[in-house]
Amino acid sequence: MNDPAVIEFPSHRAVPRAAVIGAGLSGLICAERLIRQGWSVTVFDKGRGPGGRLSTRRADDLRFDHGAQYFTARDQRFRDRVDAWVHDGIVALWNGRIVRIGKTGSEGELSLEESPGERFVGMPGMNAPARALATVVEPQAGVRVASVVPDGRRWRLEDERGGDLGSYDMVAVAVPSPQAVPLLAEAPDLASRAADAVMAGCWTVMARFERRLDLGYDGAFVTGSPLSWIARDSSKPCRPDGEAWVLHASPEWSQRHIEDEQDTVIEALTAALRDLVGTAAAVPTEHLAAHRWRFSLPLHALDEECLFDPERGLGACGDWCNGARVEGAYLSGLALAERMIAAAQRSPA
Ligand SMILES: Cc1cc2nc3c(=O)[nH]c(=O)nc-3n(C[C@H](O)[C@H](O)[C@H](O)COP(=O)(O)OP(=O)(O)OC[C@H]3O[C@@H](n4cnc5c(N)ncnc54)[C@H](O)[C@@H]3O)c2cc1C
């Protein structure tokens with residue numbers, strides 16, 4: 001007898017058809033794994049290009065990694081992939097000097113301690129691994145999926161105008177948790193687990209200075225300031241010349257100011273930089289811009305590799321399931337693909 005808790009594919013179709021919503025790292029990896037299994041996979045992303053929060057902003061000759069700054073590789077499965085990316089020139093080690101700084105004591109002196117570690121970055125920008133995966137996965141850009149609705153034993157995807165985006169045997173929702181919740185509405189148990197993964201906002205300022213900011217380090221985790229991270233983007237390998245810095249506001253500050261105008265945020269965060277590092281930051285700027293991430297990092301991830309309902313053939317993946325980082329997103333997407341493949345293999349021919 002067949003296992004009732006497994007999706008049944010129509011017997012006339014041997015190749016399962018899947019949709020992946022979101023072309024961030026988790027969605028791309030999930031799709032790539034399914035494609036390698038021989039599945040027919042369609043990936044949709046509302047953005048202009050692949051990568052999601054693994055992203056690089058271009059402005060004239062400038063380039064800023066305004067989302068993920070670097071990544072680490074601890075799990076062997078991810079490590080093997082990172083080694084392959086390094087071999088292919090898609091990723092390299094960032095050998096910048098990274099420190100922890102914070103104001104301490106009643107005089108507000110700046111404390112500084114080293115933060116060594118093996119940190120990888122995309123080349124020439126953080127979105128490089130996503131761009132490489134997109135050559136295999138070929139996501140459809142500029143398509144926002146608004147709903148996932150039952151269609152007999154399959155799922156039909158609709159865009160914001162109710163337009164039909166096709167019917168699929170299985171669907172992987174690979175978007176930040178608050179955006180996943182409405183897409184999982186037909187599986188309330190999954191939707192309510194996704195809702196538990198609360199995500200914090202983050203304001204980012206991108207600044208290029210006329211002269212070198214002489215701080216003696218290339219990146220710093222910051223405490224006791226509206227800022228939580230500052231980095232000399234131009235110290236990463238394969239970046240354009242110039243003194244490009246990325247400033248991230250702390251989750252608390254970002255949340256308090258999430259509806260502020262860009263100009264207000266730029267003013268506040270550059271003032272915070274001057275307050276932190278003193279006259280070294282009084283160098284005139286050539287370029288200033290801000291970006292608001294409404295969902296930057298999970299405040300706490302679920303500690304489940306992914307969410308999947310084999311009965312319905314619907315699942316979700318992303319950094320909010322597991323790990324809260326680039327590595328977690330990768331492993332989550334891979335885990336969901338494996339669960340989908342296992343469910344399909346257990347379904348009747
Ligand atoms: C400011 C910032 C700093 C960070 N720093 C680091 C760091 O230093 N190190 C680190 O390891 N991680 C860092 N991260 C986290 C890292 O970027 C993420 O963990 C990882 O990129 C998440 O990948 P993902 O696939 O889960 O989600 P995402 O990258 O968010 O991908 C989701 C995709 O879904 C798309 N989408 C959403 N809704 C829809 C819809 N309805 N229809 C179609 N498409 C949709 C989006 O456009 C997006 O492309 C940082 C993130 C931010 C924002």
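Key figures for this structure:
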read-out: Listed residues Ala329, Ala59, Ala290, most fluctuating in the chain (Gaussian network, C-alpha, under 10 Å); value: Ala59
read-out: Rg/Rg_ref, the chain, where Rg_ref = 2.2 N^0.38 Å and atoms are Cα; value: 1.06
read-out: Cα-based convex hull, the stretch 67-147, per residue volume (Å³, whole number); value: 195
read-out: Dipole magnitude of the chain, debye to nearest 20 (Cβ charges: Lys/Arg +1, Asp/Glu -1, about Cα centre); value: 680
read-out: Rh (Kirkwood; distinct C-alpha pairs) - the stretch 260-303, Å; value: 12.7
read-out: Relative contact order %, the chain, counting alpha carbon pairs below 8 Å whose residues are six or more apart; value: 24
read-out: Unpaired by the 4.7 Å Cβ criterion, cysteines found in the chain; value: Cys30, Cys202, Cys238, Cys321
read-out: Projected area, mean over directions - the stretch 92-133, Cα convex hull, nm²; value: 4.0
read-out: Furthest towards positive pole of dipole, His87, Ala187, Ile230, structure part the chain, Cβ charges; value: His87
read-out: Electrostatic dipole magnitude of the stretch 148-306 [Cβ: Lys, Arg +1; Asp, Glu -1; Cα centre; debye, to 20]; value: 320
read-out: Residue (of Gly242, Met206, Ser254) at the positive-pole extreme of the stretch 127-267, dipole from beta-carbon charges; value: Gly242
read-out: Ellipticity estimate at 222 nm from DSSP helix runs (n ≥ 4, -39,500 (n - 2.57)) divided over the chain, nearest 500; value: -8000 deg cm²/dmol
read-out: Under DSSP loop assignment and at most 16 Cβ neighbours within 10 Å, longest trypsin sites (Lys or Arg not before Pro)-free interval of the chain; value: 213-349
read-out: Surface accessible to a 1.4 Å probe, Glu118 within the full protein complex, Å²; value: 90
read-out: Two-site label geometry, Arg58 and Glu259: point separation in nm, points 7 Å out along Cα→Cβ; value: 3.6
read-out: Net charge dipole size for the stretch 98-214 [Lys, Arg +1 and Asp, Glu -1 on Cβ; Debye, nearest 20]; value: 240
read-out: R0 of 22 Å, Cβ-Cβ distance Arg212-Glu109: FRET efficiency to nearest 0.05; value: 0.40
read-out: Ratio of the Cα radius of gyration of the stretch 295-347 to 2.2 N^0.38 Å, where N counts its residues; value: 1.16
read-out: Of all DSSP beta bridges in the chain, antiparallel share, percent nearest 5; value: 70
read-out: Listed residues His248, His66, His87, most fluctuating in the chain (Gaussian network, C-alpha, under 10 Å); value: His87
read-out: Cα gyration tensor of the stretch 29-171 - equivalent ellipsoid semi-axes, whole Å, descending; value: 38, 20, 15
read-out: Added length on full extension, which subtracts the Cα-Cα distance from 0.36 nm per residue, Ala84 to Arg100; value: 2.7 nm
read-out: Helix 128-137 vs. the chain, principal-axis angle (Cα, 0 to 90°, nearest 10); value: 20
read-out: Rg/Rg_globular for the stretch 128-176, with Rg_globular taken as 2.2 N^0.38 Å and Rg from C-alpha atoms; value: 1.31
read-out: Whole-number D in µm²/s for the stretch 201-247 (Stokes-Einstein; Kirkwood sum over Cα pairs; 20 °C, 1.002 mPa s); value: 188
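The values are calculated or read from the model by the stated rules, or taken from the named source; none is laboratory data. Given the structure is predicted, the values throughout are model-derived calculations rather than measurements. Heads up, the Cβs are rebuilt from the backbone with ideal geometry, glycines too, and the neighbour counts pull from every protein chain shown. Each accessible area value is taken on the protein alone, full model and side chains, heavy atoms only, with ligands, DNA and RNA left out. Shrake-Rupley method; radii C 1.70, N 1.55, O 1.52, S 1.80 Å.
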